[in-house]
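In what follows, a single structure is set out as structure tokens and then discussed.
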2 protein chains.
Amino acid sequence: MQNINTPSVLLNWPTAQANIRRMVDKALRHGLHLRPHFKTIQCHRIARYFRELGVNACTVSAVSMAEYFAADGWDDITVAFPVNLREMETIEALASRISLNLLIVNAESAAFLQKKLKQPVGIFIKIDVGAGRTGLLPEDEPGIENCLKEIGIGDKLGFKGFLTHAGHSYRARSKAEVLKIHEETTATLRALKEKYRRRFPRLIISPGDTPTCSLAETWAGIDEIRPGNFPFYDVMQVQIGSCEMKDIAVALACPVVAKHADRQEVIIYGGGVHLSKDRLLWDGQEIYGLPVLLHGNGNGWEMPEAGCFVKSLSQEHGIIRCTPSFFEKLEIGGLVGILPVHSCMMVDIAKSYLTTEGQVWEKL
Amino acid sequence: MQNINTPSVLLNWPTAQANIRRMVDKALRHGLHLRPHFKTIQCHRIARYFRELGVNACTVSAVSMAEYFAADGWDDITVAFPVNLREMETIEALASRISLNLLIVNAESAAFLQKKLKQPVGIFIKIDVGAGRTGLLPEDEPGIENCLKEIGIGDKLGFKGFLTHAGHSYRARSKAEVLKIHEETTATLRALKEKYRRRFPRLIISPGDTPTCSLAETWAGIDEIRPGNFPFYDVMQVQIGSCEMKDIAVALACPVVAKHADRQEVIIYGGGVHLSKDRLLWDGQEIYGLPVLLHGNGNGWEMPEAGCFVKSLSQEHGIIRCTPSFFEKLEIGGLVGILPVHSCMMVDIAKSYLTTEGQVWEKL
């Protein structure tokens with residue numbers, strides 16, 4: 001702790017390990033292939049822990065991220081992002097070394113790959129199950145058929161199955177809402193599998209967002225899951241109901257630079273360039289994180305105190321609104337922890353983790 | 001353009017040069033010392049252009065940024081952020097090499113510096129002129145006197161004057177509102193100068209936000225200005241009225257990965273990890289940027305088309321809502337430019353600029 005001088009991401013490694021083990025156990029229990037999404041962790045050291053637990057395949061959201069993990073021995077990677085036709089050289093190079101799966105959301109991209117690729121790759125068709133971001137609608141039979149036709153023309157593209165990301169589960173605010181989305185999503189996927197399995201007996205269906213993967217216990221017919229956020233969780237996941245506050249495994253340690261007693265606000269070195277500007281409504285208040293007291297021995301942090309929150313962020317500054325008791329506990333020149341609204345975004349910005357054991361772990 | 005494969009910050013260098021020259025000329029015209037805030041540009045190459053125009057002092061928002069610019073010969077730097085008492089070693093090292101000014105917002109920090117610092121530094125007292133972030137209130141005479149007392153105890157801290165950042169000008173939505181804030185802010189500073197100049201004959205007053213510095217033409221009594229955003233501007237500054245759309249000098253070039261004709265939406269590789277999640281209300285719509293057609297020859301971009309906007313961002317994806325004509329002009333595998341809501345945040349994330357002349361300029 002004494003060595004922290006600027007905003008730094010603290011990793012509570014025992015908590016993250018417990019989160020990871022819980023998901024690995026759940027996948028085993030339900031006979032699901034776990035292909036965790038490493039866009040959250042972006043770190044070889046953390047990924048190796050998955051490998052120790054028997055996980056040998058992963059998901060990433062960018063080709064550069066696939067390169068990073070391939071360099072540490074991951075040889076079965078799905079890039080769960082609509083294939084970027086401008087990165088064919090890197091894709092080609094990767095596909096020559098590892099088992100690479102790409103995502104398509106339209107026949108044009110499949111046709112392009114068919115024409116350009118020299119190495120074999122696996123292809124998932126992305127289905128939009130309600131998130132409204134991208135993917136083919138499940139009822140768009142002509143669209144799906146066009147994709148399958150292009151995939152089938154040559155021998156470089158191997159159709160793997162249907163992939164979804166129920167991003168709308170992030171808008172849920174109760175376990176019941178998440179489970180309803182899960183039932184709808186998995187029913188849609190099962191229907192697609194049923195429809196296409198005669199033509200493609202080995203096709204798999206792969207959903208994967210942290211809320212449904214954390215909460216659901218009904219997985220009949222599902223082959224693979226790809227949650228990403230769960231090793232760390234965050235305040236948004238607490239609000240959704242995916243986890244409890246004690247499960248959050250990352251916090252931003254921030255120097256306290258000013259105290260304003262008249263408005264019970266504390267100013268920290270820690271802004272939008274550290275936490276990201278992700279926000280949510282919490283107790284009727286728009287917040288950018290929850291402040292916590294850090295343990296002096298580097299062994300984690302207290303649970304947040306009701307009524308304390310990060311009220312606003314500028315580029316480098318954060319403003320914490322405090323209760324009188326919390327205000328008293330912070331001092332200028334000291335540190336305070338911030339539990340992030342969205343851990344993926346906060347971690348993406350950081351260059352390394354500082355673990356509760358005092359180690360620095362580099363990341364992408 | 002052909003070499004852009006992943007989201008990349010394009011810099012329209014002639015536009016940025018014109019923006020910079022305009023501010024330098026204005027400072028000269030009004031006899032103001034221009035100490036530009038380099039938190040926006042974070043780039044040696046761009047900073048050197050300021051030096052060519054006779055600017056020899058700068059502002060930064062972090063000690064690490066001061067180190068970066070000191071390494072390129074900047075020897076008069078103000079760190080316009082409440083001094084972080086945990087960075088004394090770096091501050092000490094910097095202060096031994098350059099003329100360094102620090103900011104204090106309370107007497108405790110001044111006392112700490114007094115006790116710890118071995119090198120002389122300049123000290124500004126930050127005054128909160130209405131932004132409500134940090135600083136002493138102008139009417140807080142006891143608070144200001146306590147600071148001055150601590151500063152005056154030894155010979156290491158030299159009182160330089162009063163500094164403000166009228167951050168509330170970012171909430172203005174018309175030139176008249178900005179000018180009203182400017183009049184209030186500068187009147188407050190002039191009154192402080194008047195009050196303290198007998199005791200501190202060389203004290204200076206230093207405001208500095210891009211809206212007021214871009215729009216105001218009355219600067220009587222003001223010594224120094226520290227705007228930062230103006231070399232690039234952004235959609236927020238257009239909305240405030242600080243500049244016109246044609247003055248925006250940076251855009252994020254993003255690969256198009258999918259088109260959804262049914263909802264006239266285009267999906268780009270370019271998300272919150274590239275643009276930041278800064279947003280604003282534009283024509284009644286929450287937006288994360290404005291899409292523009294890029295010139296194929298790398299020579300800038302078209303002006304945005306009404307009715308087109310970045311509707312949402314996730315970690316790596318962006319969704320652009322299009323008019324039918326704009327939708328037709330984008331193609332999968334092509335590029336589209338995004339004018340940022342907040343250029344400082346977008347640029348902070350990037351590792352380099354790609355200039356309209358085809359050069360790559362590294363940044364902090």
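The values are calculated or read from the model by the stated rules, or taken from the named source; none is laboratory data. Keep in mind the model is a prediction, meaning the values are calculated, not measured. So basically every Cβ, Gly included, is an ideal-geometry build from the backbone, and we count neighbours across all protein chains shown. We work out accessible area using only protein heavy atoms, side chains counted, and drop any ligands, DNA or RNA first. Shrake-Rupley method; radii C 1.70, N 1.55, O 1.52, S 1.80 Å.
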- Using a simple spin-label model with points 7 Å from Cα along the Cα→Cβ vector, what separation in nm is obtained for A:Lys180 and B:Ser352? 5.0
- Message: Before we go on, tell me the buried accessible area for the A/B pair, both chains summed, 1.4 Å probe, in Å² to the nearest 100.
- Response: 4400
- Item | Full-extension gain in nm, A:Ala187 to A:Ile153, via 0.36 nm per residue minus C-alpha separation | 9.3 nm
- Do any GluC sites (Glu not before Pro) in the stretch A:156-221 lie in a DSSP loop with no more than 10 other beta carbon atoms within 10 Å, and if so, which? A:Glu217
- Item | For the protein assembly as shown, size of Cβ-based charge dipole, Lys and Arg +1, Asp and Glu -1, in debye | 440
- Under 5 Å, built H, 5+ apart or other chain: amide partners of A:Val336: A:Cys254, A:Val256
- Item | Neighbourhood net charge (9 Å Cβ-Cβ; Lys/Arg +1, Asp/Glu -1) for B:Lys311 | -1
- Item | Listed residues A:Ile349, A:Ile338, A:Met303: farthest to the positive end of the dipole of the stretch A:261-364 (Cβ charges) | A:Ile349
- Lys/Arg +1, Asp/Glu -1 at C-beta; chain B dipole; positive extreme among B:Cys213, B:Leu364, B:Ala187: B:Ala187
- Message: Using Cα springs under 10 Å in a Gaussian network model of chain B, which residue among B:Thr186, B:Thr210, B:Thr323 shows the largest mean-square fluctuation?
- Response: B:Thr323
- Those residues in the stretch A:336-358 that give up at least 20 Å² of accessible surface, probe 1.4 Å, once the partner protein chains are present instead of the chain by itself are A:Met345, A:Asp348
- Carbon/sulfur accessible area of chain A, % of total, 1.4 Å probe, equals 49
- Task: With only Lys, Arg, Asp and Glu charged, each at its Cβ (+1 for the first two, -1 for the last two), find how big the charge dipole of the stretch B:231-275 is about the Cα centre; round to the nearest 20 debye.
- Result: 120
- The set of residues whose placed amide H lies less than 5 Å from the amide H of A:Leu280, leaving out same-chain residues fewer than 5 positions away, is A:Ile287
- Message: For chain B, what does the helix formula give at 222 nm: sum of -39500 (n - 2.57) over DSSP H segments with n ≥ 4, over the residue count, nearest 500 deg cm²/dmol?
- Response: -9000 deg cm²/dmol
- Message: Among B:Leu294, B:Ile151, B:Leu275, which residue has its Cα furthest toward the positive end of the charge dipole of chain B, with +1 on Lys/Arg Cβ and -1 on Asp/Glu Cβ?
- Response: B:Ile151
- Message: What does the C-alpha gyration tensor say about the overall shape of the stretch A:56-129? Classify as rounded when a/c is under 1.5, otherwise prolate if a/b is larger than b/c, or oblate.
- Response: oblate
- Query: Using modelled amide H (1.01 Å from N, peptide plane; none on Pro or chain starts), what sits under 5 Å from the amide H of A:Glu224, excluding residues fewer than 5 places away?
  - Reply: A:His33, A:Ile205
- Going residue by residue through the stretch A:263-279, the Karplus relation 6.51 cos²θ - 1.76 cosθ + 1.60 with θ = phi - 60° gives ³J(HN,Hα) values, rounded to whole Hz and with x marking Gly or Pro, of 10, 6, 10, 10, 9, 10, 7, x, x, x, 6, 10, 8, 6, 9, 5, 8
- Computed for the stretch B:18-123: size of charge dipole around the Cα centre, +1 on C-beta of each Lys and Arg, -1 on C-beta of each Asp and Glu, debye to nearest 20, value 340
- Query: If you take the square roots of the eigenvalues of the alpha-carbon gyration tensor of the stretch B:1-82 and sort them as a ≥ b ≥ c, do you get rounded (a/c under 1.5), prolate (a/b over b/c) or oblate?
  - Reply: oblate
- Task: Would you mind getting me the FRET efficiency between A:Thr90 and A:Glu52? Use the beta-carbon distance for r and R0 = 30 Å, nearest 0.05.
- Result: 0.55
- Query: Each residue of the stretch B:75-81 in order: what ³J(HN,Hα) in whole Hz does its phi give by Karplus 6.51 cos²θ - 1.76 cosθ + 1.60, θ = phi - 60°, with x for Gly and Pro?
  - Reply: 10, 9, 10, 9, 8, 8, 8
- Item | Simple spin-label estimate for A:Asp140 and B:Glu141 in nanometres, 7 Å along Cα-Cβ | 7.0
- Message: Compute a Gaussian network model of chain B, connecting alpha carbons closer than 10 Å, and tell me which residue from B:Ala350, B:Ala18, B:Ala71 fluctuates the most.
- Response: B:Ala71
- Just in the stretch B:305-364: which trypsin sites (Lys or Arg not before Pro) are loop by DSSP and have at most 10 other Cβ atoms within 10 Å? B:Lys351
- Placing each pseudo-label 7 Å from Cα in the direction of the beta carbon, B:Arg173 and A:Met1 end up separated by a distance in nanometres of 4.5
- the protein assembly as shown: equivalent-ellipsoid semi-axes (sqrt of 5 x gyration tensor eigenvalues, Cα, Å): 47, 30, 21
- Among beta bridges assigned by DSSP with both residues in chain A, the antiparallel ones amount in percent, to the nearest 5, to 55
- Task: For A:Arg199, place a label point 7 Å out from Cα along the Cα→Cβ vector, do the same in each other copy, and report the separations in nm, one decimal, smallest first.
- Result: 8.4
- Query: Which whole-number percent is the relative contact order of chain A (Cα, under 8 Å, 6+ apart)?
  - Reply: 19
- Task: Take the rotation relating chain B to chain A, measure from its axis to every Cβ in chain B, and name the nearest residue with the distance in whole Å.
- Result: B:Lys277, 2
- Message: I need the inter-copy label distances for B:Glu92: point set 7 Å along Cα to C-beta, values in nm with one decimal, smallest first.
- Response: 5.6
- Note on the structure: Over the protein assembly as shown, with neighbouring protein chains present, the accessible area per residue in Å² at probe 1.4 Å is 37
- Message: For chain A, set up a GNM with springs between Cα atoms under 10 Å and report which of A:Arg21, A:Arg97, A:Arg263 has the largest fluctuation.
- Response: A:Arg263
